[in-house]
Amino acid sequence: DEVNMDSIVDVTVNGILTDLDQHWGYIPQEEYASLSASMKGDFVGIGVSFRNINDTIAVIQTLEGGPSEKVGIQGGDRILYANGEPLFNTNISEDSITKRLTGEENTKVILKVYRKGMPELLEFNVRRGRVPLKSVDAAYMLTKDLGYIKINRFSESTYKEFKENLLKLKAEGATKIALDLRNNPGGYLTEATKIVDEFLPEDKLV
């Protein structure tokens, strides 16, 4: 019989990782492309975050300034068809769904969407575009000298976004910063350490 080497590698690596702490994890090859895209500062696509719920693609939210927001797609919509291909009641992975929704910049995809309360499916002609993926969800002053910054992950652009917002808050009078990392799943270690360096004296190691 043919041996599936990918499967053997997955089992072996996961076995090795059981000896490490809970902050480590192995990413299979088929999931790496979508994770890598989510760690960039932007990507080309239709500009939605989604989840596979009850065998349909549920839009969690449209990304600000993205193609889907511009044509009127809303959080809670269910994407049932992309260019006539059904996306419901199938056993396709989230990575495969992402590939059907993403594509070359300025190419079009026709989506048929179920929206609660609407008698018929809605049709949207979406032109794929470059969508920014922001790491900093919020940055504002809590008090006259305390600034607040919320970071949702550590991607390629996180330190740059953080530094821009930090300088803005300092200009507004911040001498202290509350850094909110709740529900942050992690990401690139180098981005995290560059942010930590901003709070340490010069020549002080993390």
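Please work out which one of (1) assigned to a strand (DSSP E or B); (2) hydrophobic (A, V, I, L, M, F, W, C); (3) surrounded by fewer than 18 Cβ atoms within 10 Å (Cβ to Cβ) is the condition Ile92 fails and give its number.
(1)
Among the candidates Ile60, Ile97, single out the residue that is open to solvent by 60 Å² or more (accessible area, probe 1.4 Å) and out of contact with any helix residue (DSSP H, G or I) (no Cβ under 9 Å at 6 or more places or on another chain).
On the way: Ile97 fails: open to solvent by 60 Å² or more (accessible area, probe 1.4 Å).
Criteria check complete, one pass: Ile60.
Identify the single condition in (1) more than 28 Å from Lys70 (Cβ to Cβ); (2) in a loop (DSSP other than H, G, I, E, B) that Lys134 does not satisfy, given that it satisfies every other one.
Every listed condition holds for Lys134 apart from (1).
Would a scan of segment 111-120 turn up a residue that is within 20 Å of Gly45 (Cβ to Cβ) and open to solvent by 30 Å² or more (accessible area, probe 1.4 Å)? Before you say what the answer is, go through the steps one by one.
Step one: list which residues in segment 111-120 are within 20 Å of Gly45 (Cβ to Cβ), which gives 111-113.
Of the ones still in play, those that are also open to solvent by 30 Å² or more (accessible area, probe 1.4 Å) are 112.
Yes.
Would you please name the residue that is surrounded by the fewest Cβ atoms within 10 Å (Cβ to Cβ), looking only at residues in segment 145-159 that are free of Cβ contacts under 8 Å to residues at least 40 places away in the same chain and over 19 Å from Val206 (Cα atoms)?
Asp145
With (1) open to solvent by less than 30 Å² (accessible area, probe 1.4 Å); (2) more than 21 Å from the chain's Cα centre (by Cα) as the list, and Ala139 as the residue in question, which single condition is left unmet?
If we test Ala139 against (1) open to solvent by less than 30 Å² (accessible area, probe 1.4 Å); (2) more than 21 Å from the chain's Cα centre (by Cα), just (2) comes out false.
Which of the numbered conditions does Glu104 fail, given that it passes all the others? Conditions: (1) open to solvent by 30 Å² or more (accessible area, probe 1.4 Å); (2) touching a residue at least 24 places away in the same chain (Cβ under 8 Å); (3) over 30 Å from Ile73 (Cβ atoms); (4) out of contact with any helix residue (DSSP H, G or I) (no Cβ under 6 Å at 6 or more places or on another chain).
(3) is the only condition that Glu104 fails.
For Glu69, all conditions in the list (1) touching a residue at least 12 places away in the same chain (Cβ under 8 Å); (2) in a strand (DSSP E or B); (3) of a type outside the set (Phe, Trp, Tyr); (4) open to solvent by 40 Å² or more (accessible area, probe 1.4 Å) hold save one; what is the number of the exception?
Here Glu69 clears every test but (2).
Output yes when any residue across segment 160-178 is within 30 Å of Val48 (Cβ to Cβ), part of a strand (DSSP E or B), at pLDDT 90 or above and open to solvent by less than 80 Å² (accessible area, probe 1.4 Å), and no when none is.
No, every residue in segment 160-178 fails to be within 30 Å of Val48 (Cβ to Cβ), part of a strand (DSSP E or B), at pLDDT 90 or above and open to solvent by less than 80 Å² (accessible area, probe 1.4 Å).
So for segment 84-106 (the condition being under 30 Å from Val196 (Cβ atoms) and of a type in the set (D, E, K, R)), does at least one residue qualify? Don't jump to the end; show me each part of the working.
Restricting attention to segment 84-106, the residues satisfying the condition of being under 30 Å from Val196 (Cβ atoms) are none.
Within segment 84-106, none of the residues are under 30 Å from Val196 (Cβ atoms) and of a type in the set (D, E, K, R).
The values are calculated or read from the model by the stated rules, or taken from the named source; none is laboratory data. Note that this is a predicted model, so its numbers are computed, not measured. Note: ideal-geometry Cβ built from the backbone for every residue, glycine included; neighbour counts use all protein chains shown. Heads up: the accessible areas ignore ligands, DNA and RNA and are worked out on the full protein's heavy atoms, side chains in. Shrake-Rupley method; radii C 1.70, N 1.55, O 1.52, S 1.80 Å.
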